[in-house]
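Worksheet: the structure to be examined is printed underneath.
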Amino acid sequence: MNRQISFFQALATVVGSVIGAGVFFKIGTITAQTGSTSMTLFVWILAGIVSIASGLTVSEIAASLKMNGAIKYLDYTYGRVFGFLFGWAQMIVYFPAQIGALASIFGVQFVSLFDIPARYANLVAILLVLILLGINLIGTKFSSKMQSVITVLKIIPIAVIILWGLFNQNQISINLFPLTVGAGQNFAGGLSQGLLSALFAFEGWIVVTNLANEVKNPEKDLSRAIIAGLSIITVIYVLINYTFLTVLPLPDLVNNNNAAFEASMKLFGQFGGKLVTIGILISVYGAVNAFMLTGMRTPYILAQDNLLPYSNKIGKANIHTGVPVIGAIIVDSIAIIMILLGNFTVLTDMLVFVMWTFTTMLSIAVFILRKREPELKRPFKVPWYPVIPLVSIVGGIFIIVSTIINQFFLSLIGIGLTIFGLPIYYYKQKQNAKNHNLMN
């Protein structure tokens, strides 16, 4: 690959990949979990720090190994089974849960905006998934062009809310210090659950590490792009949540999935509030489409390596559009089931828990590869080694352990769905070995 991506292009990729819909809708969950304004803002800052550390750490692997993505990094470091389980978890949990969670929140906002009874929210969510599935099955060219436009449009409601909020003359006074949780709440529990929720809004940064071999000056520009990009995103997230906290009283925010809508109505009035909310819906629509575009390729990639049942069918793309049709149907069917069974918070917490298990493994892989292959050419090295990787690992372990303690049933489901891939993996390995012997 040619090194043709500049620092500013890499920076734009970071910001464009990460900013999605979570920033608009996690305030209700986080205020319920923390019970205070100070802890609510702190978990957003902490989520940014952990994400920056993880992004820098995984970037070293991405630049060192001439391979395509995290599945192959895990293959190389730990063995093929771990790469498969990561791909399996993406197919069964990550992408369906992302699509399901975002479609669910789209449904909630849509019915609120147009005064439709709340019971129709899930129906709207399912219709959104089916419409986008149809658009993507027609071909990804139109869908990709649409995505580029939406990436620009989704910044508009964020900028408008922040600017109006900062200059709002009727701000509610909030306490930033001391760092506390609500009355009767556990400090560690509030911190860990709030952090888990905030990290959902930072999902997507790992995609940027795939650019490591295409950045013109990876030794400087990749780390600068990740640090600057995730720092900008952290500031944006803190400011927009600060706006929510100063526009609506804390009791009105707790467990309120319509906080962005209500804050917009209060800031801009009836017409302006609805206009901004439409902008938010466009942002959510774009986020669902983005995860659908990338998610449907995970079953296809696994099938290309003959690691799934019926790989000969799943591993085929439409000859006219290049779309992996069966892969798209698999991921979106699971997403629809999740919409019917789960809710926004449960789905996002489960996907963050599962993905951070693998992200932590990738951070540990830096230590393994430095010891196992000291001569490996590393165009980019994580700065301040071993401090930055340790921040990523400690943050990841904290997320994993605290989720198991505080949300044991949810973590059990996430682990169970992931481990369910093992019998499929070993069955296919046995079948592939048998076919190989027959051919010989």
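The values are calculated or read from the model by the stated rules, or taken from the named source; none is laboratory data. Just so it is clear, the structure is predicted and the values come from calculations on it, not from any experiment. Neighbour counts are summed over all protein chains in view; Cβ atoms, including those assigned to glycine, are modelled from backbone coordinates with ideal geometry. Ligands, DNA and RNA are stripped out before the accessible areas are found, and what is left, the full protein with its side chains, is counted by its heavy atoms. Shrake-Rupley method; radii C 1.70, N 1.55, O 1.52, S 1.80 Å.
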Looking only at region 114-133, which residues are more than 17 Å from N343 (Cα to Cα) and of a type in the set (F, W, Y)? F114
How do the pairs read when you match residues in region 365-387 that are closer than 21 Å to D221 by Cβ with residues anywhere that are of a type in the set (D, E) and surrounded by 11 or more Cβ atoms within 10 Å (Cβ to Cβ), using Cβ under 6 Å and keeping only pairs 6 or more apart or on different chains? V366/E60; F380/E60; F380/E219; K381/E60; V382/E60
Tally time: how many residues in region 72-84 are over 21 Å from S392 (Cα atoms) and open to solvent by 10 Å² or more (accessible area, probe 1.4 Å)? 3
Matching residues in region 354-394 - criterion: being under 25 Å from the mean Cα position of the chain (by Cα) and in a loop (DSSP other than H, G, I, E, B): F380, K381, V382, P383
Taking the condition of being touching a residue at least 60 places away in the same chain (Cβ under 8 Å) and of a type in the set (G, A, S), how many residues in region 412-440 meet it? 2
Condition check: surrounded by fewer than 24 Cβ atoms within 10 Å (Cβ to Cβ), over 16 Å from G229 (Cα atoms) and without any contact (Cβ under 8 Å) to a residue 24 or more places away in the chain. Does G69 satisfy that? no
Residues of region 225-276 that turn out to be charged (D, E, K, R) and modelled with pLDDT under 85, as a count: 1
Can you name every one of the helices (runs of 4 or more DSSP H) wholly within region 42-134 that holds 3 or more residues which are in contact with a helix residue (DSSP H, G or I) (Cβ under 8 Å, 6 or more places away or on another chain) and closer than 24 Å to I27 by Cβ? 95-113
Unmet criterion (only one of (1) open to solvent by less than 60 Å² (accessible area, probe 1.4 Å); (2) under 30 Å from I131 (Cβ atoms)) for L340: (1)
From the list A97, A62, which one is over 30 Å from P178 (Cβ atoms), buried (at least 22 other Cβ atoms within 10 Å of the Cβ) and more than 15 Å from the chain's Cα centre (by Cα)? A62
Please go through region 295-320 and pick out each residue that is outside any loop (DSSP other than H, G, I, E, B) and surrounded by 19 or more Cβ atoms within 10 Å (Cβ to Cβ). G295, R297, T298, P299, Y300, I301, L302, A303, S311, I314
Just to check your reading of the model, which residue among V284, V323 is outside any helix (DSSP H, G or I), open to solvent by less than 40 Å² (accessible area, probe 1.4 Å) and over 25 Å from L65 (Cβ atoms)? V323
Against the conditions (1) aromatic (F, W, Y); (2) modelled with pLDDT of 85 or more; (3) at negative phi, where does F344 fall short? Just the number, please. (2)
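Table: residues versus (1) touching a residue at least 60 places away in the same chain (Cβ under 8 Å); (2) farther than 18 Å from L102 by Cβ; (3) of a type outside the set (A, V, I, L, M, F, W, C); (4) surrounded by fewer than 24 Cβ atoms within 10 Å (Cβ to Cβ).
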{"site": "G22", "(1), (2), (3), (4)": "yes, no, yes, no"}
{"site": "F25", "(1), (2), (3), (4)": "yes, no, no, no"}
{"site": "T40", "(1), (2), (3), (4)": "yes, yes, yes, no"}
{"site": "I52", "(1), (2), (3), (4)": "yes, yes, no, no"}
Determine whether A290 is among the small types (G, A, S), open to solvent by 20 Å² or more (accessible area, probe 1.4 Å), out of contact with any strand residue (DSSP E or B) (no Cβ under 8 Å at 6 or more places or on another chain) and in a helix (DSSP H, G or I). yes
Of all residues in region 174-183 being over 19 Å from I49 (Cα atoms) and open to solvent by less than 90 Å² (accessible area, probe 1.4 Å), which is farthest from the chain's Cα centre (by Cα)? I174
Tell me, which residue of region 208-224 that is at pLDDT 75 or above and in a helix (DSSP H, G or I) is most open to solvent (accessible area, probe 1.4 Å)? R224
